[in-house]
Amino acid sequence: MIIPEETAIVRRMFVLYLEGVSLQKICDDLNESGYRTVHGCLFREASLMIMIRNEVYAGDILRQKSYMADPITKNKVKNQGEFPKYYMPDTHETIIDRDTYAKVQEEIARRSSLLNPMYCFTGKLRCGICGMLYTRKISYNHGKKYVHWICRAKKERGMHCSSINFTETKLEEICTDVLEIDEFSEKLFNQQVLSMIVLENGDIAFQLAGNQQKIWKNPHITETKHVFTVTDCFQNKIRYACCGNPYHRVVSTGKWCYWYCIGKRKNGVSCRNRNFADYQLRRISAQVMGISSFSEREFESQIEKITVTENGDLRYQFQDGSEKL
């Protein structure tokens, strides 16, 4: 049954929301005008959001939103997928026309996306160590923007996790390889990838559409001991062109092996050059030398030195005096 007095309040909510008024200000407007809820309480943001989402005002009903968990206590609980829901359109007279209702739902989604932006990896990338989802993290260094995905536990107070971080670019490269496509496509990713679990050793387990499973093998993390037995074939071979300092090796958290310019640790020296993972240098060096897989013996015999240019390129100088970029 339509109650005219309450109908005016509901329509006022929808109109104000479409005009860009915040939920709190709508509540203030209704409360200051002397309106109250059906239980005689003040309007609150949470209850107001439930009301403007309610399909009942558009003349429809969604059946079985909740169910009786215990017939003795008659306790009702929210249906979280335990039972099917049934959407029944045009069951009664409307208070809000369908066009207005649809616009309000779109506006809700728009405002929500501004507060909680969704990315293609959101909700799909999970830590295999602690079970928490990965979250997107943006950082800046010397004015340059870096985007990483890290386990949520690393951002929670009192929690710790030894899981591996990934740059967003690296995740896109990994998904491109797994899906066997030429370049990353967010649309194809959403269609094909159901979930990704980062395993303790750095591998990523993919659950794909069609009940397919694939494992992406981390090329430089197989066993922790491998990191510590990496030979120093690059030691004293790599220098940064701008500051002239050599690159040194560092092992991070027992899993990642990086090469970085020693100038970054010197007082009074400002160095903005990029770091290189050990596996990246091996892969690039193999390509430059024209061999299928990296060989330390070949590297020692062919390469005189490597110079890192200001833009991050690598200039290889061979023992015979020739150079290759």
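Numerical summary
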{"quantity": "Residue, least open to solvent (accessible area, probe 1.4 Å), within the stretch 72-131, restricted to residues that are aliphatic (A, V, I, L, M) and over 23 Å from Met13 (Cβ atoms)", "calculated": "Leu125"}
{"quantity": "Any hit, the stretch 272-280, residues being more than 16 Å from Gln235 (Cβ to Cβ), surrounded by 14 or more Cβ atoms within 10 Å (Cβ to Cβ) and either modelled with pLDDT of 85 or more or hydrophobic (A, V, I, L, M, F, W, C) (or both)", "calculated": "no"}
{"quantity": "Odd one out for Leu325, checked against (1) surrounded by fewer than 15 Cβ atoms within 10 Å (Cβ to Cβ); (2) at pLDDT 80 or above; (3) under 25 Å from Ile174 (Cβ atoms)", "calculated": "(3)"}
{"quantity": "Check on Gln317, at pLDDT 85 or above and in a strand (DSSP E or B)", "calculated": "yes"}
{"quantity": "Residue under evaluation Tyr57, criteria (1) under 28 Å from the mean Cα position of the chain (by Cα); (2) among the aromatic types (Phe, Trp, Tyr); (3) not in a loop (DSSP other than H, G, I, E, B), criterion not met", "calculated": "(1)"}
{"quantity": "In the stretch 198-212, the residues that are surrounded by 18 or more Cβ atoms within 10 Å (Cβ to Cβ) and touching a Leu at 6+ places or on another chain (Cβ under 9 Å)", "calculated": "Val198, Ile204, Phe206"}
{"quantity": "Residues located in the stretch 22-46, provided they are of a type in the set (Phe, Trp, Tyr) and open to solvent by 30 Å² or more (accessible area, probe 1.4 Å)", "calculated": "Tyr35"}
{"quantity": "Of the criteria (1) part of a loop (DSSP other than H, G, I, E, B); (2) among the basic types (Lys, Arg); (3) within 35 Å of the chain's Cα centre (by Cα), which one Lys25 fails", "calculated": "(1)"}
{"quantity": "Candidate set from the stretch 188-204 (those that are among the polar types (S, T, N, Q) and outside any helix (DSSP H, G or I)); member that is farthest from the chain's Cα centre (by Cα)", "calculated": "Asn201"}
{"quantity": "Odd one out for Asn54, checked against (1) in contact (Cβ under 8 Å) with a residue 12 or more places away in the chain; (2) surrounded by 12 or more Cβ atoms within 10 Å (Cβ to Cβ)", "calculated": "(1)"}
{"quantity": "Glu19 vs. criteria among the acidic types (Asp, Glu) and open to solvent by 70 Å² or more (accessible area, probe 1.4 Å)", "calculated": "yes"}
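The values are calculated or read from the model by the stated rules, or taken from the named source; none is laboratory data. Just so you know, these numbers come straight off a predicted model, no measurement behind them. Using ideal geometry, Cβ is built from the backbone for each residue, glycine included, and neighbour counts are taken over all protein chains shown. Please note that ligands, DNA and RNA were not included when accessible areas were found on the heavy atoms of the full protein model with its side chains. Shrake-Rupley method; radii C 1.70, N 1.55, O 1.52, S 1.80 Å.
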